[in-house]
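The structure's right below; bear with me while I get my questions together.
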Amino acid sequence: MAKVHVFDHPLIQHKLTHIRDVNTGTKEFRELVDEVATLMAYEITRDLPLTEVEVETPVQTAKSNVLAGKKIGIVPILRAGIGMVDGILKLIPAAKVGHIGLFRDPDTLQPVEYFVKLPSDVSEREFILIDPMLATGGTAVEAVNSLKKRGAKNIRFMCLIAAPEGVKVFTEAHPDIDVYIAALDEKLNEKGYIVPGLGDAGDRLFGTK
Ligand code: URA
């Protein structure tokens, strides 16, 4: 069964409070999302495998650890996921970045792919799929379907804020995928917004309305 990890680090919680604040403008919102993404990347990479190497210090030769060369892929769900990419790349600069774009079909209300571009070695990568908000869960479920049908075998999903409804839908659809969040909020409202949430993440990141 999927595990849901809530990152309750004080710095993440502090910055998230300012992200939520309606009085936080676009520039500061973008900077804070970037910073929280970096902090979350630090937490999510805790279990990356290490391998021992020898290093020559100014004093003597020592055995020390380096990352065991795991290939990471970061995949933002368009468009709001883009706001978290640079923050993650600060800690994992060698990661490759894919993109997944989905729209909601007005008749079926189901998410439909309109853009998918992934690194060519999909099956060898450990993917971090990102979207600031896990609301109904429909988009995240479909984004994972997109990754899986192209051969992705290792996927984690990371978001800033999740609604319990979205977590349930997502973990039932993809019990093999762990979810990493900064906050689990109260509920969804009738318009599909997370309560209390932060409003529309894309609009707040890009200054659109
Ligand atoms: N997407 C958002 O940007 N905000 C929400 O509250 C829900 C979905």
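Looking at segment 177-191, which of the residues that are more than 9 Å from the ligand (Cβ to nearest atom) and buried (at least 20 other Cβ atoms within 10 Å of the Cβ) is farthest from residue 42 (Cα to Cα)?
By that ranking, first place goes to 177.
I would also like to ask the following. If I filter segment 13-27 for residues that are part of a helix (DSSP H, G or I), open to solvent by 60 Å² or more (accessible area, probe 1.4 Å), among the charged types (D, E, K, R) and under 13 Å from residue 204 (Cβ atoms), do I get at least one hit?
There is at least one residue in segment 13-27 that is part of a helix (DSSP H, G or I), open to solvent by 60 Å² or more (accessible area, probe 1.4 Å), among the charged types (D, E, K, R) and under 13 Å from residue 204 (Cβ atoms).
Yes/no matrix, rows are residues, columns are (1) under 20 Å from residue 78 (Cβ atoms); (2) touching a helix residue (DSSP H, G or I) at 6+ places or on another chain (Cβ under 8 Å); (3) away from the ligand (no atom under 12 Å from the Cβ):
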site	(1), (2), (3)
111	yes, yes, yes
118	yes, yes, yes
124	no, no, yes
136	yes, yes, no
146	yes, no, yes
150	yes, yes, yes
165	no, no, no
175	no, no, yes
209	yes, yes, yes
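Select the strands (runs of 3 or more DSSP E) contained entirely in segment 47-157, then report the ones holding at least 2 residues which are open to solvent by less than 10 Å² (accessible area, probe 1.4 Å).
On the way: elements: 50-56, 61-67, 72-76, 99-104, 111-117, 126-130.
Once the strands (runs of 3 or more DSSP E) in segment 47-157 are filtered for at least 2 residues that are open to solvent by less than 10 Å² (accessible area, probe 1.4 Å), what remains is 72-76, 99-104, 126-130.
Is there any pair with a first residue in segment 132-161 that is farther than 19 Å from residue 200 by Cβ and free of Cβ contacts under 8 Å to residues at least 60 places away in the same chain and a second that is aliphatic (A, V, I, L, M) and within 16 Å of the ligand (Cβ to nearest atom) whose Cβ atoms are under 7 Å apart and which are 6 or more apart or on different chains, and what are they?
141/169; 142/102; 144/129; 146/100; 155/129; 157/129; 157/140; 157/179
Of all the residues that make up segment 192-207, how many are near the ligand (Cβ under 10 Å from one of its atoms) and either at pLDDT below 95 or small (Gly, Ala, Ser) (or both)? So that I can check it myself, show each step before the final result.
Quick first cut of segment 192-207, residues near the ligand (Cβ under 10 Å from one of its atoms) only: 192-205.
Next, only the ones that are either at pLDDT below 95 or small (Gly, Ala, Ser) (or both) stay: 192, 197, 199, 201-202.
Of the residues in segment 192-207, 5 are near the ligand (Cβ under 10 Å from one of its atoms) and either at pLDDT below 95 or small (Gly, Ala, Ser) (or both).
The values are calculated or read from the model by the stated rules, or taken from the named source; none is laboratory data. As the structure is a computational prediction, the values presented were derived from the model and not from experiment. Ideal geometry is used to build each Cβ from the backbone, glycine not excepted, and the neighbour counts take in all protein chains shown. Surface areas here come from the heavy atoms of the whole protein model, side chains and all, with no ligands, DNA or RNA. Shrake-Rupley method; radii C 1.70, N 1.55, O 1.52, S 1.80 Å.
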